[in-house]
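The values are calculated or read from the model by the stated rules, or taken from the named source; none is laboratory data. The structure displayed is predicted, hence computed values, not measured ones. Methodologically, a virtual Cβ is constructed for each residue, glycine included, from the backbone with ideal geometry; neighbour enumeration extends over all protein chains shown.
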Amino acid sequence: MLLGLAAPSILIIIAVIMIPLGWLFYLSLIGKGGEFSLVNYQKMIEYKSYARVYLTTFEVSFLTTLVCILIGYPLAYFLAQLPQRMAGIFMLTVLLPFWTSLLVRTYAWLVLLQKKGLLNEFAIQIGLWETPVKLVHNMTGTLIGMAHIMLPFLVLPLYGAMRRIEPDLMRAAANLGAKPVQVFWKVFFPMSLPGMVAGSLIVFVLCLGFYVTPAVLGGGRVVMVATQITAILENQFNWGAASALGVVLLIATLIILYLAGRLLKLDNVLFGRN
Amino acid sequence: MGFWKKPASETQITHGDRLWLYVVALVIMLLLIIPTVIVVPMSFSDSQYLEFPPSHWSLRWYEEYFDSAKWMRSTMTSFQIGVLTMLVATPLGTMAAYALYVSEHRAARTIFVFLITPMIVPVILIAIGTFYVFGQLGLNNTIGGLVLAHTSLATPLVMIIITAALRTYDLNQERVARSLGASRLKAFFLITLPQIRFSILTAALLSFLTSFDEVIISIFISGGVNATLTKQMFSALRDYIDPTIAAISTIMVFISTTLLLATQFFEARKDK
Amino acid sequence: MIDSSKALPIVIRGLTKKYGSLYALDSVDLDVSSGEFLTLLGPSGSGKTTLLMAIAGFNRPDSGSIRFGDTEMILAPPHRREVGMVFQNYALFPHMTVAENIAFPLKLRRIGSKESRQRVDEALSTVQLSDLGGRRIDQLSGGQMQRVALARAFVFRPRILLMDEPLSALDKKLREQMQIELKQLHRKLGVTTVYVTHDQREALTMSDRIAVINHGRFEQIETPQAIYNAPANPFVADFIGESAMLPIKRNSSGDLFYRDLLIASGYSELSGKEWLLVIRPERLFAVQDSTPASDQTIIFTGVITEFVYQGETAFALVSISDQHNLSIRFGTDSSGSQNLMRTGDTLRLGLKRSETIIIPKPST
């Protein structure tokens, strides 16, 4: 049977994704003594620190997404206006960071954002501020690093969506009397919205589960779900608590994706065979 | 100055009117690139401390890297795992992409979504999940375990790339080949495969990169003798900022750039 | 709906547009009278779309002038030209309903919602889509989209209407129906209309005048009848209607001969020795073996090489020399006299001398 060709992939996904996730789910329901209980979930509701972790996580994710939209939209728009070949060349500036290990990028930001780092030196030179500002090992550094890492995830789908907008629509709008600014806001922007929402979602969901960059650039002060999970495992080896946190993260991710999928009718995007 | 008066879009707005956009875009692109390539000059700095611009130039960090048995071992490990991942994920993903694209079975869609899940699930969960399960199975800190895990990340990527390639390809050619007497397998290998070969190459290279650059799963399930390069770098970053990392990063940027340019080359050749 | 005195004439002088070294438009002149329906007819790459886009303001010609009435428009941006335009793929805004699409130009002109709604309803009823205001664009058929595009183009009462192959995406039957409807609409609106097409039949059906364009230059600009019956050169003769072209030579007495067959006399004032005889297939008729040539009729004798029965007509390809064929179409009648014709038979074809079309042979 033809579908049998997909079997090896299915097996790997089951082995590496489904079974471990299933175990996590199971583990989250096991209390300290090894018995079935919801104590881990109870603790999450009771302990304020857990609530704060989720709050921080959503905060960081939301802010990062916002920054990505503000920076990414103009960039995607610029690229979408270029002739194909030039766009391909400039696109490398988006693709190169995308395919460079995030460790390298995180490390680079670590250096750039130090007290004696490039950013502070540059800002002082051009007079933005006078004494070095603490830009790393805090929320600011984390946001900057994450925005940088997430930007391609927004720009790429947004660019794709923008390219698919029929140029004649812009001509029609201009012909009907719309000034260039009006053409943008009344025709182009609304039509680019699905692509933007899709990209924003990808960014948001990725931020929720992110570990490396907040861990390095946050300096321990920005505690997100992933960092918390890791800390619990490293320090207490408390699989119950860690997996409960993880399960909630997973469910939150799935809910957001499901709602977004309905909103965007992702069916057409993923499965169109034309 | 004639360029600035030329129309830049369908609305006939000029390049000059859009100068602000070009400047903004340029700044953003610089902001994207600089943190990626800044490791390069940093790696040639003589100083023990992370400084930029370097006051003295030297190759000492490269020497440190190449002289260190630990770094070399982890690099080899990462390469090994990367190549193995590439060799496994590419055929698997291609087969899955083909099967699901061609099949008219109702289950095809569901399976497609199923195979995309590694991209949807937060990686941290895959990391700790596999850490636990592999721990029970003794697969932690093994090459095999890592290849399995990385393959699960790379396969959906391959699938998406190949599916996109198949969409622009006329399947009728395969049907013609089969009507002329070729089996489905032969038709695929003789007719379809050569025409999507550039996409397959791109998918292969990107699978390699996915594995080579992968951090978080490696942090959890690689270790000891089979620690990956990324895991070692991460430990080094967390504990003390070792400038050797700059040298290693430069090498990684170089690898990424080369592979990326190769895929661009393939893109360009694809349509010829 | 629109007073035809509110239509503007278009005056184009010396319009040139180059792409690299290629002349898309080569110093063209064109006059479109107020309220006229003029078709730009030509093959792909002839420059017809370039010219239309120049009139609409979507490209900037390298030199020349475009006037609407007395106003020079060549530097005006597209959103200030006040021309209605229908694009080939309709370019309807997918994120708006039918009514919103049509209201779009009215909103831009700050027309109040009450009057706007009224005008949209009027426009919808003119294109016979009265109940479809609330529909989304992806729910419309091709023909319906076409009409919405039209309604949107004239709802703001432009004095010039431009159409870029608007019917090319429709199937044959619908296209022919729409051609008639467009003509009726034009008559009703009275707006100056420039219509682009590559379909000569469409041009002949709809136009007051046809401007045949090729390689960025106009070959002939005249009424459909004039163009059909008196094409100015082989390109026009070939592009419009079916035709056969036979080389003819002039002798010193001013007689024109195809080989040794006398075609016409009295052409001594014509310069040049080489000419072409353009024969429209429908002007040929089968001639009995016994009928002689006469003052009014030329007779070609040939051998049938192909004979095809096509339902309402039959078609025969007749070889009159080793180099030339003439094609002739018969209406089929119930007597079935065509049934007696077969490949290989000799056939005599008559052509009235009054229906010969003689054009100069271009120097190559």
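Please verify whether the stretch A:146-161 includes one or more residues that are within 14 Å of chain C (Cβ to nearest Cβ) and within 20 Å of residue A:74 (Cα to Cα).
yes
Give the number of residues within the stretch B:219-234 that are out of contact with any Leu (no Cβ under 8 Å at 6 or more places or on another chain) and either assigned to a loop (DSSP other than H, G, I, E, B) or within 11 Å of another protein chain (Cβ to nearest Cβ) (or both).
Step one: filter the stretch B:219-234 for residues out of contact with any Leu (no Cβ under 8 Å at 6 or more places or on another chain), giving B:219-220, B:223-225, B:227, B:229, B:231-232.
Still in the running and either assigned to a loop (DSSP other than H, G, I, E, B) or within 11 Å of another protein chain (Cβ to nearest Cβ) (or both): B:219-220, B:223, B:227, B:229, B:231-232.
Of the residues in that region, 7 qualify.
Residues in the stretch B:149-171 that are touching a Gly at 6+ places or on another chain (Cβ under 9 Å) and surrounded by fewer than 21 Cβ atoms within 10 Å (Cβ to Cβ) were compared, and the one that is farthest from residue B:94 (Cα to Cα) is B:167. Does the stretch A:65-80 contain at least one residue that is touching a strand residue (DSSP E or B) at 6+ places or on another chain (Cβ under 9 Å) and outside any loop (DSSP other than H, G, I, E, B)? No, the stretch A:65-80 contains no residue that is touching a strand residue (DSSP E or B) at 6+ places or on another chain (Cβ under 9 Å) and outside any loop (DSSP other than H, G, I, E, B).
So if I check each of C:138, C:131, which one is surrounded by fewer than 20 Cβ atoms within 10 Å (Cβ to Cβ), out of contact with any strand residue (DSSP E or B) (no Cβ under 6 Å at 6 or more places or on another chain) and over 19 Å from residue A:168 (Cβ atoms)?
Working: C:138 fails: over 19 Å from residue A:168 (Cβ atoms).
Just one listed residue meets the conditions, C:131.
Return the residues of the stretch A:222-246 that are part of a loop (DSSP other than H, G, I, E, B) and under 29 Å from residue A:155 (Cβ atoms); say none if nothing qualifies. Show your work before the answer.
Quick first cut of the stretch A:222-246, residues part of a loop (DSSP other than H, G, I, E, B) only: A:222-224, A:236-238.
Across the stretch A:222-246, the qualifying residues are A:222, A:223, A:224.
Taking the stretch A:109-143 as the range and being within 19 Å of the chain's Cα centre (by Cα) and within 7 Å of chain B (Cβ to nearest Cβ) as the test, only A:109 passes.
One line per residue, one yes/no per condition, for (1) more than 26 Å from the chain's Cα centre (by Cα); (2) away from chain A (no Cβ under 14 Å):
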{"residue": "C:86", "(1), (2)": "no, no"}
{"residue": "C:94", "(1), (2)": "yes, no"}
{"residue": "C:98", "(1), (2)": "yes, yes"}
{"residue": "C:111", "(1), (2)": "yes, no"}
{"residue": "C:130", "(1), (2)": "yes, yes"}
{"residue": "C:142", "(1), (2)": "no, yes"}
{"residue": "C:147", "(1), (2)": "no, yes"}
{"residue": "C:158", "(1), (2)": "no, no"}
{"residue": "C:177", "(1), (2)": "no, yes"}
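From the set of residues in the stretch A:1-14 that are more than 7 Å from chain B (Cβ to nearest Cβ) and part of a helix (DSSP H, G or I), which is farthest from residue B:105 (Cα to Cα)?
Result: A:14.
Scanning the stretch C:239-248 for residues that are surrounded by 15 or more Cβ atoms within 10 Å (Cβ to Cβ), at pLDDT 85 or above and either among the basic types (Lys, Arg) or under 16 Å from residue C:361 (Cβ atoms) (or both) returns C:244, C:245, C:246, C:248.
Evaluated against (1) away from every other protein chain (no Cβ under 13 Å); (2) crowded, with 17+ Cβ neighbours inside 10 Å; (3) not β-branched (Val, Ile, Thr), residue B:89 falls short on exactly one condition, (1). Being over 18 Å from residue C:55 (Cα atoms), assigned to a loop (DSSP other than H, G, I, E, B) and within 9 Å of chain C (Cβ to nearest Cβ) is the filter here; which residues of the stretch A:162-183 pass it? Scanning the stretch A:162-183 gives a single hit, A:166. Considering only the stretch C:305-320, how many residues are without any contact (Cβ under 8 Å) to a residue 12 or more places away in the chain and of a type in the set (A, V, I, L, M)? Going through the stretch C:305-320 one residue at a time, the tally reaches 1.
Evaluated against (1) over 15 Å from the mean Cα position of the chain (by Cα); (2) within 20 Å of residue B:36 (Cα to Cα), residue B:192 falls short on exactly one condition, (2).
Could you please let me know if residue B:269 is modelled with pLDDT under 85, within 9 Å of chain A (Cβ to nearest Cβ) and in a helix (DSSP H, G or I)? Considered against the rule, which asks whether it is modelled with pLDDT under 85, within 9 Å of chain A (Cβ to nearest Cβ) and in a helix (DSSP H, G or I), residue B:269 comes out as no. Condition check for residue B:224 on (1) of a type outside the set (D, E, K, R); (2) touching a residue at least 60 places away in the same chain (Cβ under 8 Å); (3) in the same structural domain as residue B:89 (by TED's automatic domain parsing); (4) within 23 Å of residue B:97 (Cα to Cα): one failure, at (4).
Among the residues of the stretch A:206-220, the ones that are assigned to a helix (DSSP H, G or I) and free of Cβ contacts under 8 Å to residues at least 60 places away in the same chain come to 2 in all.
Counting only residues that are of a type outside the set (Asp, Glu) and assigned to a loop (DSSP other than H, G, I, E, B), which one in the stretch B:173-214 is nearest to the other protein chains (Cβ to nearest Cβ)? Top of the filtered list is B:183.
Would you say residue B:143 is surrounded by 21 or more Cβ atoms within 10 Å (Cβ to Cβ) and of a type in the set (A, V, I, L, M)?
Working: surrounded by 21 or more Cβ atoms within 10 Å (Cβ to Cβ): no; of a type in the set (A, V, I, L, M): yes.
Judged against the criteria, residue B:143 is not a match.
Inside the stretch C:148-178, can you point out the residues that are in a helix (DSSP H, G or I) and either touching a strand residue (DSSP E or B) at 6+ places or on another chain (Cβ under 7 Å) or crowded, with 18+ Cβ neighbours inside 10 Å (or both)? Residues satisfying the conditions are C:148, C:149, C:150, C:151, C:152, C:153, C:154, C:175, C:178. Of note, residue B:11 satisfies the criterion of being outside any helix (DSSP H, G or I), among the β-branched types (Val, Ile, Thr) and out of contact with any strand residue (DSSP E or B) (no Cβ under 9 Å at 6 or more places or on another chain).
The sole residue among C:91, C:7 that is buried (at least 21 other Cβ atoms within 10 Å of the Cβ), of a type in the set (A, V, I, L, M, F, W, C) and at positive phi is C:91. Restrict the check to the stretch B:52-65 and report whether at least one residue is among the hydrophobic types (A, V, I, L, M, F, W, C), part of a helix (DSSP H, G or I), at pLDDT below 90 and farther than 24 Å from residue A:8 by Cβ. Taking every residue of the stretch B:52-65 in turn, at least one turns out to be among the hydrophobic types (A, V, I, L, M, F, W, C), part of a helix (DSSP H, G or I), at pLDDT below 90 and farther than 24 Å from residue A:8 by Cβ.
From the list C:57, C:84, C:112, C:35, which residue is in the same structural domain as residue C:215 (by TED's automatic domain parsing) and without any contact (Cβ under 8 Å) to a residue 12 or more places away in the chain? Break it down stepwise before answering.
On the way: C:57 fails: without any contact (Cβ under 8 Å) to a residue 12 or more places away in the chain; C:84 fails: without any contact (Cβ under 8 Å) to a residue 12 or more places away in the chain; C:35 fails: without any contact (Cβ under 8 Å) to a residue 12 or more places away in the chain.
Only one candidate qualifies: C:112.
Among the residues of the stretch B:183-205, write down those that are in contact with a Ser or Thr (Cβ under 8 Å, 6 or more places away or on another chain) and surrounded by 19 or more Cβ atoms within 10 Å (Cβ to Cβ). The answer is B:200, B:202, B:203, B:204, B:205.
Considering B:235, B:249, B:256, B:218, the condition of being hydroxyl-bearing (Ser, Thr, Tyr), farther than 25 Å from residue B:57 by Cα and in contact (Cβ under 8 Å) with a residue 24 or more places away in the chain is satisfied by B:218 alone. Going through (1) within 11 Å of chain A (Cβ to nearest Cβ); (2) in a helix (DSSP H, G or I); (3) of a type outside the set (Lys, Arg) one by one, residue C:120 falls short only on (1). Comparison of B:161, B:120, B:126, B:111 shows that the only residue that is within 25 Å of residue B:224 (Cβ to Cβ), touching a helix residue (DSSP H, G or I) at 6+ places or on another chain (Cβ under 7 Å) and assigned by TED's automatic domain parsing to the domain that holds residue B:213 is B:126.
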